[in-house]
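All remarks here apply to the structure that follows.
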Amino acid sequence: MADRVTVIGWDGSPLTAAARSALSAATLVAGAAHHLALPEVPADAERIRLGSVGLAARRIAGHRGSAVVLADGDPGFFGVVRTLRAPEHGLEVEVVPAVSSVATAFARAGMPWDDAQIVVAHRRTLRRAVNVCRVHPKVAVLTSPGAGPAELALLLEGVHRTFVICEELGTDREQVTVLTSDKAADHAWRDPNVVIVIGGAGTAAVQGGGWIAGHEPGYPSAVRGWALPSQSYGHAYGEGLGEGESVQLRAAQLARLGPRIGDLVWDIGSGSGALAAEAARFGAAVIAVDADADACARTDATARHAGAQLQVVQGRAPHVLERLPEPDVVRIGGGGVPVVTACADRRPQRIVTHASTRDEAEAIGAALAAGGYEVECALLQCVDMDTTAWAERERSVVFLVSGRRVESAP
């Protein structure tokens with residue numbers, strides 16, 4: 001095992017005395033090519049090009065002597081420290097930090113970043129990182145080869161954002177470029193880079209600053225709670241609500257969908273837009289689909305009133321669904337078996353819909369089961385009361401049908 005392992009963060013500024021001391025005593029140095037070219041690296045030290053941190057950690061664990069690992073920015077922030085400290089390597093690590101690449105990127109842009117979401121994009125998580133960019137007005141994306149600015153822009157098709165692309169921060173080749181997302185896919189970008197993605201509703205600064213790091217969806221305009229009555233979204237009682245849009249049904253649908261940060265929700269037949277807005281307030285990206293132009297306008301207005309941002313697509317399902325990106329969960333407000341089947345073919349983790357009759361519920365359940373889903377159905381009866389007179393105002397009876405993809409079940 002290495003006698004001593006020091007991780008040194010490097011942000012382009014001169015190395016500290018502690019970093020120079022650790023490097024001068026190193027018998028093994030791991031880092032990227034530009035780190036290994038630093039003049040402070042001892043000429044007789046063993047050098048490891050840092051590709052897989054796990055492989056490097058095993059090499060370091062078997063080394064007798066003093067090892068140094070060089071990394072860009074703050075190595076404890078989405079960096080190498082987590083892997084090096086994994087129990088299987090048995091390494092005791094000292095860290096000499098530097099300014100993180102995210103902090104540097106926002107400094108170059110002259111922007112505060114305590115209200116930003118920060119995500120890591122690589123091939124496995126790229127889609128989820130894009131979903132965060134869809135719903136949050138300020139996101140810093142730590143990119144990787146194959147999951148960079150061009151790929152982000154391609155997956156954000158139809159969603160307008162501004163990109164601040166910071167390439168090779170701290171080096172002589174550092175470059176900062178500002179352009180709209182529709183232009184980013186036309187360029188080749190140098191690694192490593194950080195992309196600040198800005199745009200959409202909610203970009204105005206919170207008066208006096210926030211109290212918690214990251215952007216809280218719907219804050220500060222959203223009221224407390226969820227499955228809210230239509231008045232909370234600027235509608236008069238019942239205005240804009242279609243069949244199957246009762247507050248209680250919406251609550252049950254949201255509970256089964258479980259929308260969360262990184263998800264993409266399809267809301268097909270969005271109607272008033274209440275469910276779409278609430279899914280966005282949970283931090284999920286939402287594409288709301290409706291064939292009716294008035295419903296699309298209502299959905300857009302509802303989202304603005306809720307302080308949430310989402311994408312509205314006018315078109316008739318199932319045909320319009322062919323050009324949409326892959327969903328994680330789907331709520332179907334209408335369309336019956338053909339729409340359910342089309343959604344099941346895209347293999348989301350959850351599908352939730354409703355039916356007015358038992359026969360319709362059975363047909364939908366059969367379509368979900370055929371698509372590989374475990375089916376649940378409940379008959380919901382709700383009586384809405386006018387509390388000024390304690391009289392019945394509205395009664396609804398509906399079948400709640402949901403499917404959970406079998407291989408996604410916990």
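The values are calculated or read from the model by the stated rules, or taken from the named source; none is laboratory data. The shown structure was predicted, so the numbers you read here are calculated from the model rather than taken from an experiment. Neighbour counts are summed over all protein chains in view; Cβ atoms, including those assigned to glycine, are modelled from backbone coordinates with ideal geometry. Heads up: the accessible areas ignore ligands, DNA and RNA and are worked out on the full protein's heavy atoms, side chains in. Shrake-Rupley method; radii C 1.70, N 1.55, O 1.52, S 1.80 Å.
Test Glu407 against the stated conditions and say whether it is assigned to a helix (DSSP H, G or I), loosely packed, with under 11 Cβ neighbours inside 10 Å and either touching a helix residue (DSSP H, G or I) at 6+ places or on another chain (Cβ under 7 Å) or not hydroxyl-bearing (Ser, Thr, Tyr) (or both). So that I can check it myself, show each step before the final result.
Numbers: assigned to a helix (DSSP H, G or I): yes; loosely packed, with under 11 Cβ neighbours inside 10 Å: yes; either touching a helix residue (DSSP H, G or I) at 6+ places or on another chain (Cβ under 7 Å) or not hydroxyl-bearing (Ser, Thr, Tyr) (or both): yes.
The answer is yes for Glu407.
For (1) surrounded by fewer than 22 Cβ atoms within 10 Å (Cβ to Cβ); (2) outside any strand (DSSP E or B); (3) hydroxyl-bearing (Ser, Thr, Tyr); (4) in contact with a helix residue (DSSP H, G or I) (Cβ under 7 Å, 6 or more places away or on another chain), each residue gets a yes or a no:
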position	(1), (2), (3), (4)
Arg298	no, yes, no, no
Ala303	no, yes, no, yes
Arg331	no, no, no, yes
Val339	no, yes, no, no
Arg347	yes, yes, no, no
Ala366	yes, yes, no, no
Thr388	yes, yes, yes, no
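Matching residues to (1) surrounded by 19 or more Cβ atoms within 10 Å (Cβ to Cβ); (2) out of contact with any strand residue (DSSP E or B) (no Cβ under 8 Å at 6 or more places or on another chain); (3) over 30 Å from Leu152 (Cα atoms); (4) touching a residue at least 60 places away in the same chain (Cβ under 8 Å):
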position	(1), (2), (3), (4)
Arg47	no, no, yes, no
Arg59	no, no, yes, no
His63	no, no, yes, yes
Ser66	yes, no, yes, yes
Pro75	yes, no, no, yes
Glu88	no, yes, yes, no
Asp115	yes, no, no, yes
Arg123	no, no, no, no
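Considering the stretch 160-194 alone, what residues qualify as being touching a Gly at 6+ places or on another chain (Cβ under 8 Å), open to solvent by less than 70 Å² (accessible area, probe 1.4 Å) and in a loop (DSSP other than H, G, I, E, B)?
Residues satisfying the conditions are Arg161, Leu169, Gly170, Thr171, Glu174, Trp189.
Answer yes if at least one residue in the stretch 249-261 is small (Gly, Ala, Ser), over 16 Å from Val330 (Cβ atoms), in contact (Cβ under 8 Å) with a residue 40 or more places away in the chain and open to solvent by less than 40 Å² (accessible area, probe 1.4 Å), and no otherwise.
Within the stretch 249-261, the subset small (Gly, Ala, Ser) is 251-252, 255, 258.
Next cut, over 16 Å from Val330 (Cβ atoms) only: 251.
Applying the additional criterion that residues be in contact (Cβ under 8 Å) with a residue 40 or more places away in the chain yields none.
No, the stretch 249-261 has no match at all.
State whether the residues of the stretch 41-58 include one that is outside any strand (DSSP E or B), closer than 22 Å to Leu169 by Cβ and polar (S, T, N, Q).
no
Contact list please: Cβ distance under 8 Å, first residue in the stretch 8-20 and more than 14 Å from Ala71 (Cβ to Cβ) and part of a helix (DSSP H, G or I), second residue open to solvent by 30 Å² or more (accessible area, probe 1.4 Å) and not β-branched (Val, Ile, Thr), pairs at least six apart or on different chains.
Close Cβ pairs (under 8 Å, with a partner that is open to solvent by 30 Å² or more (accessible area, probe 1.4 Å) and not β-branched (Val, Ile, Thr)) amount to Arg20/Glu40.
Tell me yes or no: at least one residue of the stretch 255-270 is modelled with pLDDT under 85 and not in a loop (DSSP other than H, G, I, E, B).
No, the stretch 255-270 contains no residue that is modelled with pLDDT under 85 and not in a loop (DSSP other than H, G, I, E, B).
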